[in-house]
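**Student:** Shown below is the structure under consideration.
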Amino acid sequence: MGDKDNDYLYRFVFEEFGVRGEFVRLAASWQAVRSKHVYPAPIAAPLGESLAAVSLLSATIKFKGSLVMQIQADGQSGGMVRSLVVQATDSGTLRGMASFEMPAEGDSESPDPASVLGHARLVLTAESPDGRRYQGIVPVEGEGVAGAVEHYFRQSEQLPTRLWLGADDQVACGLFLQRLPGGEPDAEDWNRLTLLAETITQDELLSLDVEELLHRLFHEESVRLYEPQPLAFRCGCSRERVAQALVGIGEGEVAQILDEMGAIEVNCEFCNASYRFDAVDAAALFLPGSGDAPDRVQ
Ligand SMILES: [Zn+2]
């Protein structure tokens with residue numbers, strides 16, 4: 001049932017109570033995200049939690065394409081995170097990054113989660129390969145990543161949903177419970193299961209494997225565990241996509257950047273790949289019949 005060195009998403013269900021659950025444990029993919037930028041601990045924690053959260057959420061919706069979760073500072077938030085973006089795709093790939101501002105020296109070394117995120121908004125975007133998008137937005141008001149996601153479900157889906165998230169230097173993990181739509185509403189079963197889940201400690205969340213965790217929390221309940229889905233870090237950026245974006249901003253704008261800079265350098269924030277277009281490369285983008293010309297872009 002998956003080993004501890006690899007990244008898996010596990011689904012389980014309490015069939016008699018109409019409640020589904022998921023557990024995700026990210027090690028290699030979380031290490032890959034952390035290796036691209038230096039993140040101080042107060043920023044790494046919500047980034048890892050968000051990566052676990054987007055993995056959990058992407059498994060709850062049937063979709064082709066990607067699910068992106070963003071936390072965007074509202075400008076006067078006072079939070080340290082300026083922008084945090086994580087993405088999961090239907091093929092089990094993950095990526096993520098955060099931009100941030102550290103407080104002036106002398107401020108608290110371990111700020112509380114509310115002051116890390118500040119006043120921000122959580123934006124969830126599901127995007128299909130043909131470009132159709134569905135977007136939901138909720139304010140983040142000092143409740144941390146898990147609280148913000150629960151808030152999102154309260155507001156938009158009306159399916160009672162709870163999440164427990166954690167991240168340290170090694171792993172990012174998350175536990176998810178949701179009442180299934182339909183069936184007889186039985187608040188008592190839901191309340192009992194969430195109270196049991198509530199007893200999990202951060203230490204247990206980050207160290208137990210899925211069987212240990214289910215036994216620790218729900219050993220008196222009947223729970224069915226499904227085959228796990230593997231997850232891995234992968235960035236979807238490519239030179240072709242950057243070329244398409246340059247074509248999208250237009251020949252005039254590109255010419256202006258080339259005039260000022262000599263060449264166009266685009267760095268991917270997710271994987272640090274660098275794409276350079278000199279004047280000749282850029283001119284080729286706008287040649288009639290070029291593979292990157294707008295009428296050829298799918
Ligand atoms: Zn990339």
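**Student:** With everything on Cα atoms, drop me the angle between helix 251-261 and the longest principal axis of the chain, reported from 0 to 90° to the nearest 10.
**Tutor:** Its long axis makes an angle of about 80 degrees.
**Student:** Using only Cα atoms, locate the centre of the range 189-256 and the centre of the range 260-288, then give the distance between them in Å, rounded to an integer.
**Tutor:** Rounded to whole Å, the Cα centres lie 32 Å apart.
**Student:** For Tyr39, what charge total do you get from the other residues with a beta carbon under 14 Å from its beta carbon, if Lys and Arg give +1 and Asp and Glu give -1?
**Tutor:** So the environment of Tyr39 carries a net charge of -2.
**Student:** Right, here's the next one. Where does each of 40-48, 193-201 land if you order them by average Cβ count within 10 Å, highest first?
**Tutor:** Going by the mean number of other Cβ atoms within 10 Å, highest first, we get 40-48, 193-201.
**Student:** Counting Lys and Arg as +1 and Asp and Glu as -1, what is the net charge of the other residues whose Cβ lies under 12 Å from the Cβ of Ala52? If you can, show how the numbers build up before the last one.
**Tutor:** Values: positive: Arg25; negative: Asp7, Glu22, Glu49, Asp168.
Local charge sum for Ala52: -3.
**Student:** Treating the angle as unsigned and between 0 and 90°, give the value, to the nearest 10°, between the Cα long axis of helix 144-156 and the longest Cα principal axis of the chain.
**Tutor:** 90 degrees
**Student:** Could you pull out the longest piece of the chain with no exposed loop trypsin sites (Lys or Arg not before Pro) in it, calling a site exposed if DSSP puts it outside H, G, I, E, B and it has at most 14 other Cβ atoms within 10 Å?
**Tutor:** The answer is 133-298.
**Student:** Here is a further query. Tell me the relative contact order for the chain as a rounded percent, counting alpha carbon contacts under 8 Å between residues six or more apart.
**Tutor:** Rounded, it is 22 percent for the chain.
**Student:** Using a Förster distance of 51 angstrom, determine the FRET efficiency expected from the C-beta separation of Asn6 and Ala187, and round it to 0.05. Mind dumping the intermediate values first?
**Tutor:** Details: r = 37 Å, r/R0 = 0.73.
The formula returns an efficiency of 0.85 here.
**Student:** Step through the residues of the range 85-99 one at a time and calculate ³J(HN,Hα) from phi using the Karplus curve (6.51 cos²θ - 1.76 cosθ + 1.60, θ = phi - 60°), rounding each to whole Hz and writing x for Gly and Pro.
**Tutor:** Each residue of the range 85-99 in turn: 10, 10, 9, 10, 10, 5, 8, x, 9, 10, 8, x, 7, 9, 10 Hz.
No lab work stands behind these numbers, since they all come straight from the coordinates. Keep in mind that this is a model prediction, so the values were computed, not measured. In this analysis, Cβ positions are derived from the backbone assuming ideal geometry, glycine residues included, and neighbour counts consider all displayed protein chains.
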